[in-house]
Structures are given as C-alpha cells and as structure tokens.
Amino acid sequence: MKKNIVLIGFMGTGKTTIAKMLSKFLNMPMVDTDEQIELDFDMSIKDIFAKYGEKTFRDMETSTVEKLSAVGGQIISTGGGVVLRDGNIGILKENGIVVCLKASSDTILNRIGHNNDRPLLQSKDRLERIKELLAQREQAYSRADFSVITDDKSKNEIVKEIVSLLESTTARSDL
Ligand code: S3P
C-alpha cells in the first residue's frame with residue numbers, strides 16, 4: 001500500500017493550507033481529520049467541544065485517525081491536538097510519513113490570535129495560552145519523522161522543503 005503523508009503540528013502552523021498544496025503538487029488526495037469529524041457528526045468542532053467536551057472530541061479524533069490511516073496514498077492533515085494520545089501517532093506512522101510543521105508562539109498568535117473557532121485558545125492571554133500548550137506538547141510533536149519550521153517562509157518554500165525531505169528518505173520508494 002502507498003504510504004500516507006501526514007501533517008501534524010500546533011494550531012496555526014499551516015497544516016490544512018500546506019496539505020492542500022501538497023495534494024495538488026503530488027497529485028494525491030487530501031483528507032483532514034477535523035473536517036472529517038465535522039462531516040461525520042454534522043457539527044462544528046467548536047460545537048462538539050461546547051456540547052460534549054474535549055474527551056468526546058478526542059475519542060472522535062482517534063476513531064477518525066484509525067479510519068483515515070487505513071487508506072494509503074493520501075495527504076492527511078490533522079488537528080493540533082492529535083499528538084495528545086500516544087496511540088494516534090503510532091497509528092499514523094504505521095502507514096505514513098509524519099511531518100510536523102512548527103512555528104513560534106508569536107507567529108502562531110499573529111496567524112490565529114483573532115480567531116474564535118478554536119475552543120482551546122479561548123483565554124484572556126492568548127500568547128500565554130499558546131506558550132503553555134506548546135510546552136505541554138513539544139515532546140509529542142518531536143515524534144514526527146521530520147519537522148519543518150514555517151516562520152518567515154512562503155507557502156511554496158514550505159511545500160518544496162517537505163517534498164525534498166520526502167525525496168531524501170528511502171521511504172520515498174513507498175510513495
Ligand atoms: C486542537 C486543534 C484544532 C482542533 C481542535 C483542537 C488542538 O485543529 O482539532 O480545536 O487541541 O490543538 P487545528 O490544529 O487545525 O486548528
């Protein structure tokens with residue numbers, strides 16, 4: 001089976017945008033765990049958190065990861081908290097190459113600080129909240145096969161960097 005290319009990383013690191021570009025560039029279909037959850041449950045992520053809480057959302061996220069990972073040859077964009085359950089990364093890596101997109105807390109604040117759709121960022125001091133969550137998750141993000149820093153890079157540069165990382169790995173032959 002062809003491997004998936006999986007993008008992980010904190011909110012606002014550009015996973016969805018870059019996944020769409022990779023999908024075009026590599027001519028591979030793209031799926032997004034958050035989008036799939038919203039479709040399957042016919043509710044926005046924000047409403048799922050408000051109505052059922054984070055634990056239920058994480059359960060949905062894990063079953064979505066299982067479902068999407070089982071299909072090969074896709075670009076999979078994930079929600080920023082997918083790394084919170086150790087098992088999710090294991091599942092994604094079984095059949096995929098996992099790339100983590102990174103950005104500083106200041107860049108993240110600039111990109112998504114004004115956005116109210118992310119339940120975990122609803123805080124008076126958003127920069128502090130971003131820093132706190134980044135620190136909690138740093139270790140988990142480092143389980144990716146590759147990391148790409150996105151601050152001060154154009155989208156095209158990021159895509160090119162990912163493609164050359166993928167080409168440089170022997171796993172390229174599985175793509
Ligand atoms: C979350 C990130 C969000 C979404 C949910 C929880 C997180 O996805 O899954 O709000 O825990 O970091 P994005 O990374 O696409 O914003």
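Tally the residues that are surrounded by 13 or more Cβ atoms within 10 Å (Cβ to Cβ), over 15 Å from the mean Cα position of the chain (by Cα) and within 12 Å of the ligand (Cβ to nearest atom), restricting the search to region 29-56.
7
Which of the residues belonging to region 29-44 are part of a helix (DSSP H, G or I) and closer than 16 Å to residue 80 by Cα?
33, 34, 35, 36, 37, 38
Hey, residue 117 hits all of (1) exposed (fewer than 14 other Cβ atoms within 10 Å of the Cβ); (2) more than 15 Å from the ligand (Cβ to nearest atom); (3) within 29 Å of residue 28 (Cα to Cα); (4) not hydroxyl-bearing (Ser, Thr, Tyr) but one; which does it fall short on?
Every condition holds for residue 117 apart from (2).
Quick test for you: out of 1, 11, pick the one residue that is within 12 Å of the ligand (Cβ to nearest atom), touching a residue at least 40 places away in the same chain (Cβ under 8 Å) and not in a helix (DSSP H, G or I).
11
Read-outs: derived from the displayed coordinates by stated rules, not from any lab. Keep in mind that this is a model prediction, so the values were computed, not measured. Positions of Cβ are backbone-derived with ideal geometry, glycine not excepted, and every protein chain shown enters the neighbour counts.
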